[in-house]
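Below is one structure, written out as structure tokens, with a few remarks after it.
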Protein chains: 2
Amino acid sequence: MTANSQPQGQPFGRLPILNLSPVVEAGRWPAKAYVGEVVPFQATVFREGHDALGAELLLTSPSGVQTIHRLKAGAPGSDQWGTSVLIKEQGRFLFQIRAFADEFETWHHNSTVKIAVGVDEDLMMLEGINLFTKAAAEETRSKANSKVLLAVAKGLADSKLSPKARLALAETAEVIDAIEAEPIRNLITLSETMQLISERERSGVGAWYEFFPRSEGAVFDQSSKTWTSGNFKTAALRLPAVAEMGFNVLYMPPIHPIGVAFRKGPNNTLNAGPQDPGSPWAIGSAAGGHDKIHPDLGTESDFKAFIRAANDLGIEIALDLALQASPDHPWVKTNPEWFTTRADGTIAYAENPPKKYQDIYPVNFDNDPEGIYNEVLRIVRHWISFGVKIFRVDNPHTKPVAFWEWLIAKINHESPDVVFLAEAFTRPAMMHALGKAGFQQSYTYFTWRNTKWELESYLKELAHESAAFFRPNLWVTTPDILTEYLQFGGPAAHKIRAAIAATASPSWGMYAGYELCESVARPGAEEHIDSEKYEYRPRDWAAAEKSGRSIAKYITKLNQIRAAHPALRQLRNIEFHHTDDSAILAYSKFIEAKHSPTGKADAILVVVNVDPHAVRETSVHLDLAKLGLPYDVNFEVTDLVTNQTYIWSASNFVKLDAFAEPVHIFSIGQVV
Amino acid sequence: MTANSQPQGQPFGRLPILNLSPVVEAGRWPAKAYVGEVVPFQATVFREGHDALGAELLLTSPSGVQTIHRLKAGAPGSDQWGTSVLIKEQGRFLFQIRAFADEFETWHHNSTVKIAVGVDEDLMMLEGINLFTKAAAEETRSKANSKVLLAVAKGLADSKLSPKARLALAETAEVIDAIEAEPIRNLITLSETMQLISERERSGVGAWYEFFPRSEGAVFDQSSKTWTSGNFKTAALRLPAVAEMGFNVLYMPPIHPIGVAFRKGPNNTLNAGPQDPGSPWAIGSAAGGHDKIHPDLGTESDFKAFIRAANDLGIEIALDLALQASPDHPWVKTNPEWFTTRADGTIAYAENPPKKYQDIYPVNFDNDPEGIYNEVLRIVRHWISFGVKIFRVDNPHTKPVAFWEWLIAKINHESPDVVFLAEAFTRPAMMHALGKAGFQQSYTYFTWRNTKWELESYLKELAHESAAFFRPNLWVTTPDILTEYLQFGGPAAHKIRAAIAATASPSWGMYAGYELCESVARPGAEEHIDSEKYEYRPRDWAAAEKSGRSIAKYITKLNQIRAAHPALRQLRNIEFHHTDDSAILAYSKFIEAKHSPTGKADAILVVVNVDPHAVRETSVHLDLAKLGLPYDVNFEVTDLVTNQTYIWSASNFVKLDAFAEPVHIFSIGQVV
């Protein structure tokens, strides 16, 4: 029996327990969490009749320590019980729910209502004496606790006191605490045991930056009309600025040799010139395949130095794992069985008939599964040996899901810190399956969710419905995606999208050039013109900064706010608030003091004008309980972007000028 | 390994298959169906990349015959595949989903788009030849099928024909049929196996009537001021009228001896007089307990004769299983451990503190589970030996769910035809749990769903979300429930509620007196005044019929429509249509010809004015596909209540006068 076994054909226990969460496909796959995440645990627990019920979460940590967490009853009639737990340890947790008849609560309720009307007073005292005496004798009960209960039993028997006074003896803080600490349980019922995998914090929380190392420091010589590629040494000069902006992961497109056959030229044209560097995703040449570094970028030792330089600045390197080959890839000769051979004996290139992509040979995973599976395993291990612990996987949805499940399990078994990010933009079933198969993170539909309604419904889905298996990384741009919203929204649009990505999700990312609001598209396409995928694209960062075109300082501010506010490093805690305007989105994130790494509660409220072309004003109506506040109070809010402080209440007027500051990011302060 | 085992920790197969349905709690309990039910089977099936996919349902009947049903792809992007199957056999079905790479469809799609633009023509012919030749050689393929495929392979090689002409050879009806019958499957993947329990038709389909046998033929002697109870012989005289109205189940409140201690008088008063018969639910007296018949009703042989008389009229008898005792019940002396003894040594009566119900001792299932479980088993078997096959279970939600699961499994194992109806009016989690535990049917919230919005959302829930485990029996009244809607809605309300109950659900029921529109409530209560629960209540049916107060003919018509229209004997096929009025509800039920017992498709459209106090008019906008019709046609509809025929189209004006006919029940006829 595996630890996450389901009770097939298992009848109801004495007290029904159903719908444990977080659970993925009834326990077929473990639910996910990350170190530092506050995870809500829930179950449907109920019983026959009217007597009281209690429920507890029994949570066993990877190191084998069991903790018990009392569940609270949810909305009346829902029979939902829940609590939340801060996950502190990495590894495999086990959890189950324990339900019990709450004998104290049943007796206390009945006694209270009966004594209030003078019914059965002696009988209820007698019942209480029996209850406390029996409970005090339980073998598992602590001596101190038993002593408290016996004292109550004695008091209940004291006929000199009125029944009301005697009942009050069972209601002291000392008694309530004793009962809370060690409930009087009867009809104890255990649920099945479920699994929760806790991964390292970076699997859930990170600010990602993407650049092409060949562009950083690339030089065009006007006289000779020739390019000199950037390399790891020149690219390393950009690292301090990336760190300064607050990013802690740097993802680079494939760093391997690039094929020559059918190489693509600028703007994806078919005939590349001799100065065209080719797409990094056309992997493999005479210089080698997936386990080699493009000679233009430098040597293995240059790459190691680059990793060290990044790590010293608090940045991790994420490599691209793109399982496809150029026709020049060594595999084509050594292992043609890893591709598809067509009826005419040629190797099949990528197609979306009748379109042809002759520069790419897709891998066939079914001809020689053992061979290709192990080759990919070897490659991933190879780069892990360089210190790489993050892989952004290109188009995982065009490879068998079963392959990813095998690979990730294998790697994570030996290297539990390795994180895989799925670059899948496809239908929901596949996106979700990749998460279940083990991907720690995924790209999302966020780039195409721009209106208030779209954002609200999608962010709810990400934070609640799919959070147990699908961890979003909200990218505002990629080299493949430049949405119309950004093409035509100017700097306001860039600030809006970055602010939402950075605050709504604990992981977000941007592709170099976003901070310069680069937004000219290839006509008719949702992609940058003169795409860096096919060309060197050095940027003059210093000049851009001086020109005022840059929003790097805004980006820096966002990442600073993220670093300072633990509420923003949670995925499942987002709550939406009503506003009267169709373009003003309001949401908050809250973390309780007991779960916060600072030891203090933290609440952030974000109010965004998602219309980058207008000034909008509206009322924002807050559900104060969601901010950890009592009903009907006034309190300070500080806009962390402008540092302005306001006094707010449950309903507030806001005016957001897209051309000034389209977003409020408020820290909730003192009640005044 | 049990047959419905879930693959815990089971990785993805080569082709992912998820979310099988109908499945209850991931297979912990089998899904339910009844003989004659059309059951939708679905799964989420998808694959990497762009190649085509096929999916099949492998269904194994209780007698061990496996049938294969090809699934159809659902909405684009949903990756949902489904089909529906008419369940013809009673017992335990097993089902699993088989997914496969559809090699023919992939080749055919690619060839079609390439040949249209003159690309790779020879190559695609070659690929086709390989495909068909290899498939023809499959060991499991029939010879006739192989012959068809080889002929295609030969044709594709015929260079005298154009590629287009050769492709056409693979598109003939003969070839398509051959491929459909025996697909060319690759990468075959099987899902886990799930269970579906098919129960007899009456577990899902029935028209129920409830009466108190003591009332039928009860006589009050004015001179002596004494009552003579009705009995099985006098009650049998009412059976022909019940059958005439079209009911096929007669449910009677408990027929056992009634306790004398703390007997309730008229209107639930505390002091019964000598002429008060007491509540049938206060079971047990010196004359015996749950296995005895009230002496006033007759002997065991009278009861057997009554059952025979009912059966001869096509009516089954449903007994009440009410597990509680009067203080006079024999158990109180023989088995006091089956009750709760209080601290003062007395037996606990029913309470909802501070309210007391001293005429009832609730059963305690935890003191001596083996004893009381087996005693109930004995009682149920006892009545089964009389020919009783239906039990209406009183308040099952006040007994342990685990007990019911044990009892029903035990009984159904030896008597698979026995049906249990749960009279649970409580929170959703418990209502649903009782269904999962094995109850074949349940009372519902229907009585309190009166507005269009309430009905539409609740009926959707019943037909779709919970249909795999919770079978609704829509009662319009019970001796416990007389809603304000009926109290103040007059005959219109009674017709409306009966028409909805009878057409929206395959099981419905009413309590005697409904056909007379008895609707005077005890002031402030949601219950009849002078409740039959505490009094004899003979009714003068003949006089009522003459007076014009009766809607018995309307009820008769409803049951005739149900009997004539197979679409109405399905639960899961309800579909709602838009109307512009907030009180006009429109829904339809459709059954395909291939699933219909008549061999003909059947479509019923119900349009109801749920406002019993007004004339309403509106437009009804029909989704014609849901009625089995093409878009944009005119067609005949016949109102089965009035026999009037109209010509309808996608949008239609209706006027429904609550005081004349508040409901149209249309049979959809010919397209004109």
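When only C-alpha pairs under 8 Å and at least 6 residues apart count, what is the relative contact order of chain A, in percent?
Details: 1395 pairs, mean separation 68.1, N = 672.
Relative contact order of chain A: 10 percent.
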Suppose the chain between A:D480 and A:A350 were pulled fully straight at 0.36 nm per residue; how much longer would it get relative to their current alpha carbon spacing? 45.0 nm
In straight Cα distance, which lysines are under 16 Å from A:K389, not counting same-chain residues fewer than 8 positions off? A:K304, A:K410
So how far apart, in nm, are the two label points at A:L190 and A:K333 if each is 7 Å from Cα heading toward Cβ? 6.2
Shape descriptor, the stretch B:8-102: equivalent ellipsoid semi-axes (Cα gyration tensor, sqrt 5λ, whole Å, largest first) stand at 24, 15, 12
Mean projected area (nm²) from the convex hull of Cα positions in chain A is 36.0
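Could you list the GluC sites (Glu not before Pro) in the stretch A:122-158 that lie in coil according to DSSP, counting only those with at most 13 other Cβ atoms within 10 Å of their Cβ?
On the way: sites: A:E127, A:E138, A:E139; in loops: A:E138, A:E139.
The qualifying sites are A:E139.
Tell me the Kirkwood hydrodynamic radius of the stretch B:65-159 in angstroms, computed as one over the mean inverse distance between distinct C-alpha pairs. Please report the intermediate quantities before stating the final value.
Details: mean 1/r = 0.0609 Å⁻¹.
One decimal place: 16.4 Å for the Kirkwood radius.
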Once both label points are put 7 Å beyond Cα along the C-beta direction, the B:E454-B:T228 separation in nm becomes 4.5
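Once the cut-off is 16 Å, how many percent of the Cα-Cα pairs in the stretch B:63-114 end up in the long-distance tail?
Working: 819 of 1326 pairs.
Every Cα pair in the stretch B:63-114 considered, those over 16 Å come to 62 percent.
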Zone of A:K88 (label point 7 Å along Cα→Cβ, backbone N under 14 Å): which residues in the stretch A:51-67? A:60-67
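Please state, to two decimals, what the Cα-based radius of gyration of the stretch A:431-586 comes to when divided by 2.2 N^0.38 Å (N = residues).
After normalising by residue count via 2.2 N^0.38 Å, the value is 1.09.
Would you mind estimating how fast the stretch A:387-472 diffuses translationally, via Stokes-Einstein at 25 °C and 0.890 mPa s with the Kirkwood radius over Cα pairs, in µm²/s?
Numbers: Rh = 13.4 Å.
So the translational diffusion coefficient is about 183 µm²/s.
Using 0.36 nm times the number of residues separating A:E174 and A:D417, minus their current alpha carbon distance, what extension gain do you get? Walk me through the intermediate numbers first.
Numbers: separation 243, 0.36 × 243 = 87.48 nm, distance 4.54 nm.
Gain on extension, A:E174 to A:D417, equals 82.9 nm.
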Within 10 Å of each candidate Cβ there may be at most 14 other Cβ atoms; applying that plus a DSSP loop requirement, which trypsin sites (Lys or Arg not before Pro) in the stretch B:516-615 survive? B:R549, B:K600
Run through every distinct alpha carbon pair of the stretch A:615-672 and return the Kirkwood hydrodynamic radius in angstroms, one decimal place. 12.0
Run a plain Debye calculation on the stretch A:247-365 (Cα atoms as equal point scatterers, no solvent) and give log10 I(q)/I(0) at q = 0.11 Å⁻¹, rounded to two decimals, same order as the q list. -0.42
For the protein assembly as shown, Rg(Cα) over 2.2 N^0.38 Å is 1.07
Compute the label-point distances linking B:S385 to its equivalents in the other copies; points lie 7 Å from Cα along Cα→Cβ; give nm, one decimal, shortest first. 8.0
Bins of 10 Å, starting at 0 and running to the largest distance - Cα pair percent for the stretch A:3-199: 9, 31, 29, 20, 10, 2, 0
Between the stretch B:355-379 and the stretch A:367-433, what is the separation of their alpha carbon centroids in Å? 59
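So if I take the alpha carbon set of the stretch A:570-671, get Rg, then get Rh from the Kirkwood formula, what is the Rg over Rh ratio?
On the way: Rg = 13.4 Å, Rh = 13.9 Å.
So for the stretch A:570-671, dividing Rg by the Kirkwood Rh gives 0.96.
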Whenever you get a sec, compute what percent of the accessible area on the stretch B:421-514 sits on carbon and sulfur atoms (1.4 Å probe). 57
Would you give the gap between the C-alpha center of the stretch A:566-596 and the C-alpha center of the stretch B:251-315, rounded to a whole Å? 61
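With Cβ to Cβ distances under 15 Å as the rule, what net charge do the other residues near A:N652 carry (K, R +1; D, E -1)?
That works out to -4.
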Within the stretch B:640-672, which residues have the backbone N less than 18 Å from the label spot 7 Å out from B:H578 along Cα→beta-carbon, could you tell me? B:649-654
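Mind checking the dipole of the stretch A:3-199: about its Cα centre, +1 per Lys or Arg Cβ, -1 per Asp or Glu Cβ, Debye to the nearest 20?
Computed charge dipole of the stretch A:3-199: roughly 280 debye.
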What is the distance, in nm, between label points placed 7 Å from the Cα along the Cα-to-Cβ direction at A:L377 and at A:Q10? 3.2
Would you mind checking B:K264/B:K356; B:K32/B:K452; A:K88/A:K600; B:K436/B:K600; B:K225/B:K533 for any pair whose Cα atoms are more than 22 angstrom apart? B:K32/B:K452; B:K436/B:K600
B:G91 label points, 7 Å along Cα→Cβ, one per copy: pairwise distances from this copy to the rest in nm, shortest first? 5.0
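Between B:V671 and B:Y357, take the C-beta separation as r, use R0 = 45 Å, and let me know the FRET efficiency to the nearest 0.05. Show your work: numbers first, answer last.
Working: r = 61 Å, r/R0 = 1.35.
According to the calculation, E is roughly 0.15.
Please report, to one decimal in angstroms, the Kirkwood hydrodynamic radius of the stretch B:523-628 built from all distinct Cα-Cα pairs. Could the numbers behind the result be given before it?
Values: mean 1/r = 0.0577 Å⁻¹.
17.3 Å is the Kirkwood radius here.
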Say a label goes 7 Å from Cα toward Cβ at B:E171 in every copy; what distances in nm does this one have to the rest, shortest first? 8.3
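Mind giving me the FRET efficiency for B:A287 and B:D366? R0 is 22 Å, r the Cβ-Cβ distance, nearest 0.05 is fine. Don't jump to the answer; show the numbers that get you there.
On the way: r = 29 Å, r/R0 = 1.32.
After rounding, the FRET efficiency stands at 0.15.
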Report the residue of chain A with the smallest Cβ-to-axis distance, using the rotation axis that brings A onto B, in whole Å. A:A26, 2
Trypsin sites (Lys or Arg not before Pro) within the stretch B:207-267: DSSP coil, no more than 14 neighbouring Cβ in 10 Å: B:K225
Would you mind checking the pairs A:K355/B:K160; A:K495/A:K546; A:K72/A:K154 and listing those with alpha carbons more than 22 angstrom apart? A:K355/B:K160; A:K72/A:K154
Assuming R0 = 41 Å, can you tell me the calculated FRET efficiency for the pair A:K143 and A:E300, based on Cβ-Cβ distance, to the nearest 0.05? 0.05
Give me the dipole magnitude in Debye, nearest 20, for chain B about the Cα centre, with unit charges on the beta carbon: positive for Lys and Arg, negative for Asp and Glu. 740
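The values are calculated or read from the model by the stated rules, or taken from the named source; none is laboratory data. This structure is a prediction, so every number in the text was calculated from the model and none was measured. Cβ sites come from the backbone with ideal geometry, for glycine too, and all protein chains shown count toward neighbours. Note: areas computed on protein heavy atoms with side chains; ligands, DNA, RNA excluded. Shrake-Rupley method; radii C 1.70, N 1.55, O 1.52, S 1.80 Å.
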